[in-house]
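A.B. asks: Quick one: this structure, given as structure tokens, is what I'll be asking you about.
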Amino acid sequence: MSEKKHRNDNGQVRDAPALSFRGFQGEADYPLILSILIESTRADQISETVSLDGIRRWCAPSSRFDPYQNLLFALSHSTGGEPSVIGFSRVGWHTGMKDTRLYFQTSYLLPEWRNRGFFWSAMVQHNERRLLEIAASHPFTTLCFLQAWATDTQEEWISVLETEGYQAVRHFDNMLFRLDDVPDRAMPAGLQIRPVQPEHYRNIWKAQKEVHQELFETVAENWTKQRYETWLANPSNTPQLWQVAWDGDQVAGMVLNRINEAENQERRRKRGYTEHIFVRRAWRQRGLASALVAQSLQILKAQGMEEAELGVDSENESGAHGFYKRMGYQTVSTDIWFRKPMDMNSGTA
């Protein structure tokens, strides 16, 4: 348990409520997680749909995630009162590019506790200690980093990360296309878009895996043989909307479009997603990406959508960000990746 002193509005020093941590206690914690997420996203001006079913999936155990070890709840102990949960964190790890292992945390703190001194920093420090314990059990790798994410509206969270020594290393823009005037681009000669059939799924998966290995945000564990079945079962997959270009029996490029009807109803909008936009190296610089994106926008408009969204690494060496701007997408928000070196020799971050 940690405790600090801070000043009240009159400048007098007084004890801050003590802070302790506990682990996950099963399904009884789901409503608590939901309420904290709702309050946090509202305070940070993030339009994100959260539900108990979504939290149940988010908390599901996997080979790299044990909710009883990797969900951490912060409790405030005010004088004379019962301890109350004021925030929670989720920690985990994955392998990135170039023999790099990333140990990440996602933290949420109720808005009314954010201006009360050290609470969020204490949560970050506690998460780092847990991540160091996890890292100590892993085989050696060349580079290890602590990692966290923030949307540009999360000013308080960004301030906490910077105070704790994290630095912004990458920016990802969320971009929108208004479907009033959709472009038309011809497919390059020799390539064709075909309706996606179940027998195509494995080739589409393999093409995604190939291109993903080039990306800053790659997660190596997402592309194992075991994860293929998980990908097939993903309820967000909508193969009837996918636009996949073929050169004979080879996948040349793709856009895996989707529409989240429940999200659209909740937010009273008509938005589709042009996601996983890839062109394999041998078919680049031929106009394939613009043809696939244009066809995808036409498909979404035909489904009654009014806008299309995508996310893009604004520093991607391929120039993807500039390409989407030329296609007519506009940036509406930016996600920031933060990292901090992990010193495995000293056992401290």
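A.B. asks: Show the residue pairs meeting these rules: Cβ distance below 6 Å; 6+ apart or different chains; first residue within the stretch 20-40 and within 13 Å of residue 86 (Cα to Cα); second residue of a type in the set (Ser, Thr, Tyr) and modelled with pLDDT of 95 or more.
C.D. replies: 36/108; 40/108
A.B. asks: Further question on the same structure: Scan the stretch 79-102 for residues that are among the polar types (S, T, N, Q) and loosely packed, with under 12 Cβ neighbours inside 10 Å and jot them down.
C.D. replies: Once the filter is applied, which keeps residues that are among the polar types (S, T, N, Q) and loosely packed, with under 12 Cβ neighbours inside 10 Å, the stretch 79-102 yields only 79.
A.B. asks: Scan (1) in a strand (DSSP E or B); (2) in contact with an Asp or Glu (Cβ under 9 Å, 6 or more places away or on another chain) for the single condition residue 121 breaks and write down its number.
C.D. replies: Here residue 121 clears every test but (1).
Conditions (1) touching a residue at least 40 places away in the same chain (Cβ under 8 Å); (2) not charged (D, E, K, R); (3) not in a loop (DSSP other than H, G, I, E, B), marked per residue:
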| site | (1), (2), (3) |
| --- | --- |
| 202 | no, no, yes |
| 216 | yes, yes, no |
| 231 | no, yes, yes |
| 234 | no, yes, no |
| 237 | no, yes, no |
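A.B. asks: So which residues in the stretch 167-178 are of a type in the set (A, V, I, L, M) and surrounded by fewer than 16 Cβ atoms within 10 Å (Cβ to Cβ)?
C.D. replies: Residues satisfying the conditions are 168, 169.
A.B. asks: Checking residue 208 against (1) within 20 Å of residue 286 (Cα to Cα); (2) loosely packed, with under 14 Cβ neighbours inside 10 Å, which single condition isn't satisfied?
C.D. replies: Single failed check for residue 208: (2).
A.B. asks: Could you please find all residues in the stretch 289-315 being touching a residue at least 40 places away in the same chain (Cβ under 8 Å) and closer than 19 Å to residue 215 by Cα?
C.D. replies: 310, 311, 312, 313, 314, 315
A.B. asks: While we're on this one: Search the stretch 138-166 for residues being closer than 30 Å to residue 63 by Cβ and among the polar types (S, T, N, Q), and hand back the single one that is surrounded by the fewest Cβ atoms within 10 Å (Cβ to Cβ).
C.D. replies: 142
A.B. asks: Taking residue 153, is it within 19 Å of residue 92 (Cα to Cα) and not in a strand (DSSP E or B)?
C.D. replies: Here the answer is no, as residue 153 does not meet what is asked.
A.B. asks: So residue 175 clears everything in (1) aliphatic (A, V, I, L, M); (2) farther than 30 Å from residue 114 by Cα; (3) at pLDDT 95 or above except one condition, right? Which one?
C.D. replies: (2)
A.B. asks: Oh, and also: So for the stretch 79-95 (the condition being of a type in the set (Phe, Trp, Tyr), farther than 24 Å from residue 223 by Cα and either without any contact (Cβ under 8 Å) to a residue 12 or more places away in the chain or in contact with a Gly (Cβ under 7 Å, 6 or more places away or on another chain) (or both)), does at least one residue qualify?
C.D. replies: Restricting attention to the stretch 79-95, the residues satisfying the condition of being of a type in the set (Phe, Trp, Tyr) are 88, 93.
Subsequent filtering for residues that are farther than 24 Å from residue 223 by Cα retains 88.
Applying the additional criterion that residues be either without any contact (Cβ under 8 Å) to a residue 12 or more places away in the chain or in contact with a Gly (Cβ under 7 Å, 6 or more places away or on another chain) (or both) yields none.
No, the stretch 79-95 contains no residue that is of a type in the set (Phe, Trp, Tyr), farther than 24 Å from residue 223 by Cα and either without any contact (Cβ under 8 Å) to a residue 12 or more places away in the chain or in contact with a Gly (Cβ under 7 Å, 6 or more places away or on another chain) (or both).
A.B. asks: Also, I was wondering about something else. Can you tell which of 274, 218 is closer than 19 Å to residue 324 by Cβ, buried (at least 17 other Cβ atoms within 10 Å of the Cβ) and not basic (Lys, Arg)?
C.D. replies: It is 274.
A.B. asks: Just to be sure before I move on: is residue 169 part of a helix (DSSP H, G or I), out of contact with any Ser or Thr (no Cβ under 7 Å at 6 or more places or on another chain) and closer than 20 Å to residue 314 by Cβ in the structure I sent?
C.D. replies: No, not satisfied.
A.B. asks: Further, regarding this structure: Just give me the residues in the stretch 307-319 being over 19 Å from the mean Cα position of the chain (by Cα) and modelled with pLDDT under 95, in sequence order.
C.D. replies: Residues satisfying the conditions are 317, 318, 319.
A.B. asks: Sticking with this structure for a sec: Please enumerate the residues belonging to the stretch 320-331 that are within 21 Å of the chain's Cα centre (by Cα) and either crowded, with 17+ Cβ neighbours inside 10 Å or under 18 Å from residue 170 (Cα atoms) (or both).
C.D. replies: So the first thing to find is which residues in the stretch 320-331 are within 21 Å of the chain's Cα centre (by Cα), and the list is 320-321, 324, 329-331.
Listed by number, the residues that qualify are 320, 321, 324, 329, 331.
A.B. asks: On to the next question. Kindly provide the set of residues from the stretch 216-231 that are at pLDDT 90 or above and hydroxyl-bearing (Ser, Thr, Tyr), ordered by number.
C.D. replies: 218, 228
A.B. asks: Being closer than 28 Å to residue 210 by Cβ, buried (at least 19 other Cβ atoms within 10 Å of the Cβ) and over 18 Å from the mean Cα position of the chain (by Cα): is that true of residue 256 here?
C.D. replies: It is false that residue 256 is closer than 28 Å to residue 210 by Cβ, buried (at least 19 other Cβ atoms within 10 Å of the Cβ) and over 18 Å from the mean Cα position of the chain (by Cα).
A.B. asks: Follow-up. Could you list, ordered by first residue, the pairs with Cβ atoms under 6 Å in which the first is in the stretch 53-74 and β-branched (Val, Ile, Thr) and the second is modelled with pLDDT of 90 or more, at least 6 apart or interchain?
C.D. replies: The qualifying pairs are 55/30; 55/33; 55/34.
The values are calculated or read from the model by the stated rules, or taken from the named source; none is laboratory data. On a predicted model such as this, the values are computed, not experimentally measured, just so you know. Using ideal geometry, Cβ is built from the backbone for each residue, glycine included, and neighbour counts are taken over all protein chains shown.
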